[in-house]
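Heads up, the thing below is written out as C-alpha cells.
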Amino acid sequence: MRKWLLLAVALAVLLAGWRPAPKEPEGLGLVRVLGVDGAGPVALTAVCGGDDQGNQSRGRHTGGNFAKALEGLPWAGEEELSLTSVSYIIVGRDVALKEILLAVLRNEELGASATVWLAEEGAAALLDGCRDPASGLDLLARRGIEAPTVVKALAALERGEVLTLPLLTGDGPVLIDWEEWRGSA
C-alpha cells in the first residue's frame, strides 16, 4: 500500500509541474515585428516568429494611410496574421511618425508597449534581409539597447522634444547608430 501511495504522490507532483508549451492557434500567425514605410500610401510588413515560435510567416499590405493598410494586413500572408503580439515597430525615415504612433495607440490589437526602431534603408528592406528579426531585436534588448515604447515616443513628439531612435541595418538586425527624429510629422 505504501508503494502505491508513494507512486501516486510522485505522479501527482510530476503532473502538477507539467504544462504544455504555448503554441499559436492553428492557422494563425502571431506578428512580433511590424514594419512601416511611407506617409501615403503606407506599406506594412509583418513578420511572425521569434524564440518562442518556429513560424516565420510574413505578410505585406499597402493602404492609403496606416489604418487602411492595417485593415488588410491580417489576410496578407499565407495564414491569418494576428497583431496582438507585436513587440517591435520598425519605421522607415519617410513615415509620418506622429500619426503612426497615434494610430497604434488607438488600435485595440496593437500595444502601447511595443518599442519603436528606425530602419536605415526602410523597414521592408530591413525585414526582407533578416531571417528572424524578432530574435535579433530581443538580443539587442538583452544587450541593453533601449528603444522608446510607442507611448514614450509619442509623448516626446507631443511635447516638442527630440526623439532619439536606435538606427538599424541589415542582417541581424544590427544597431549602427542612434538618430534624432525631428519635424512635426
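Which order do the peptides 157-163, 40-46, 136-142 take when ranked by the mean count of other beta-carbon atoms within 10 Å per residue, highest first?
Details: 157-163: 12.4, 40-46: 21.0, 136-142: 17.1.
Descending packing order for the listed peptides: 40-46, 136-142, 157-163.
In Å², what does the accessible area per residue of region 100-172 work out to with a 1.4 Å probe? Write down the numbers at each step before the final one.
On the way: 3400 Å² over 73 residues.
Spelled out: the 1.4 Å probe surface of region 100-172, per residue, equals 47 Å².
Pop out the carbon and sulfur fraction of the accessible area of region 58-117 as a percent, whole number, probe 1.4 Å. Could you put the intermediate results ahead of the total?
On the way: 1320 of 2860 Å².
Its accessible area is 46 percent carbon and sulfur atoms.
Using mean Cβ contacts within 10 Å as the protection proxy, how do 172-181, 30-39 order, highest first? Don't skip to the answer; put the middle values down first.
On the way: 172-181: 15.3, 30-39: 24.4.
The most tightly packed comes first, giving 30-39, 172-181.
Kindly provide the GluC sites (Glu not before Pro) of region 96-133 that DSSP labels as loop, not H, G, I, E or B, and whose Cβ sees at most 10 other Cβ atoms within 10 Å. It would help to have the intermediate numbers written out before the result.
On the way: sites: 99, 108, 109, 120, 121; in loops: 108, 109, 120, 121.
Sites meeting the loop and neighbour criteria: 108.
Counting C-alpha atoms alone, how compact is region 123-185: give Rg to one decimal and Dmax as a whole number, in angstrom.
12.8, 37
The values are calculated or read from the model by the stated rules, or taken from the named source; none is laboratory data. None of the values given here were measured: they were computed from a predicted structure. A quick note on method: Cβ atoms are made from the backbone with ideal geometry, for glycine too, and the neighbour counts reach across all protein chains shown. SASA here: full protein model, heavy atoms, side chains in, ligands and nucleic acids out. Shrake-Rupley method; radii C 1.70, N 1.55, O 1.52, S 1.80 Å.
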